[in-house]
Amino acid sequence: MALLSDLINLDLSGRTGKIIAEYIWVGGSGMDVRSKARTLSGPVDDPSKLPKWNFDGSSTGQAPGDDSEVILCPRAIFRDPFRKGQNILVMCDCYEPNGEPIPSNKRHGAAKIFSHPDVKAEEPWFGIEQEYTLLQKDTKWPLGWPLGGYPGPQGPYYCAVGADKSYGRDIVDAHYKACLYAGIDISGINGEVMPGQWEFQVGPAVGVSAGDQLWVARYILERITEIAGVVVSFDPKPIPGDWNGAGAHTNYSTKSMRSDGGYEVIKKAIGKLGLRHREHIAAYGDGNERRLTGRHETADINTFVWGVANRGASVRVGRDTEKEGKGYFEDRRPASNMDPYVVTSLIAETTMLWEPSHSNGDGKGAAAP
């Protein structure tokens, strides 16, 4: 008699030419990830050749019950690390039947910004540091923490090894390898300052692809934690008190920043970010005021300051960038629950398309280091 695990791991390649495509989309909360699968007649490697599909938007908070059909448009294809073979994961965005993007479709606006000729010419690169916290399923308390209690103070846990300091490494490593298998540009992982908290990095990725890749990486993480019986939290401050929050630091550069003389371009871009600080904060994730307090490696949410090698700044420039006169910078303000389509496109828009005037901005300049 076949076991459930045998059936889950069935290799279909010798029995049928058909494949399974898992269509993935962002749900109505803007943070929940949804998916459903369909059979295709054969392998597909171009999202434009995939069929559109639909779902009941009234069950995801994305449409009313009397007009609930939402259209899924395939945008990016990844290898499926769960079904393997030639099966695929498909990142989609969502539209009304008349072709208009629904309100929760943030990819559509991002794609418009990244398709602007001035933006395309600069080939914007993004590297996103996604922090998250692993929680015990029944108690929603961090993995490895004593039930109803607290571990020792922060200090021993960052990039640590050992059963008394590192919790959930099997999940983290499984996710790392699954993302590499899928074709995601995952560049690394590490344990974070708060025990039970981890980080993975996606990038460098160009333009809207950074958002596609981060959403699929989140989807894969949700699937792996589902298998492990653990809950993943993207809350920016899951545990109140003297514990680090969770962010999604966004590293950014353009062709001009990466070229000789790029440091001056970087400083001009940071100046623009300072002028639009409030607009960016409003778009950088819910609950971020609980994280951006001026403590635990953050700048205060109401203040914009940048500096070289300063992890207490809103924007950090690396020593190598300063030394070489070109490179990239890190926007440390985005929360772990941010939408990467929103954050990456807003950074690109502010630094490349927006021009300050006396009536724009919040009056806050960019404090020099």
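General observations
- Qualifying residue in the range 141-164 (condition: of a type in the set (Phe, Trp, Tyr) and touching a Lys or Arg at 6+ places or on another chain (Cβ under 6 Å)): yes
- Among residues of the range 120-137, those that are over 20 Å from ILE189 (Cβ atoms) and among the β-branched types (Val, Ile, Thr), counted: 0
- For the range 154-177, the criterion of being within 30 Å of LEU353 (Cβ to Cβ) and assigned by the TED database to the domain that holds ILE220 is met by none of the residues.
- Per-region count, the range 28-50, residues within 14 Å of CYS73 (Cβ to Cβ), surrounded by fewer than 13 Cβ atoms within 10 Å (Cβ to Cβ) and touching a residue at least 12 places away in the same chain (Cβ under 8 Å): 2
- The set of residues from the range 47-96 being of a type in the set (A, V, I, L, M, F, W, C), more than 25 Å from ALA178 (Cα to Cα) and either within 20 Å of the chain's Cα centre (by Cα) or assigned to a loop (DSSP other than H, G, I, E, B) (or both) comprises ALA63, CYS94.
- Assessment of the range 292-308 against the conditions (over 26 Å from ASP235 (Cβ atoms), in the same structural domain as GLN213 (by the TED database) and open to solvent by less than 10 Å² (accessible area, probe 1.4 Å)) yields at least one matching residue.
The values are calculated or read from the model by the stated rules, or taken from the named source; none is laboratory data. Since this is a predicted model, take the numbers as computed values, not measurements. Positions of Cβ are backbone-derived with ideal geometry, glycine not excepted, and every protein chain shown enters the neighbour counts. Protein only, heavy atoms only, side chains kept; ligands, DNA and RNA dropped before computing areas. Shrake-Rupley method; radii C 1.70, N 1.55, O 1.52, S 1.80 Å.
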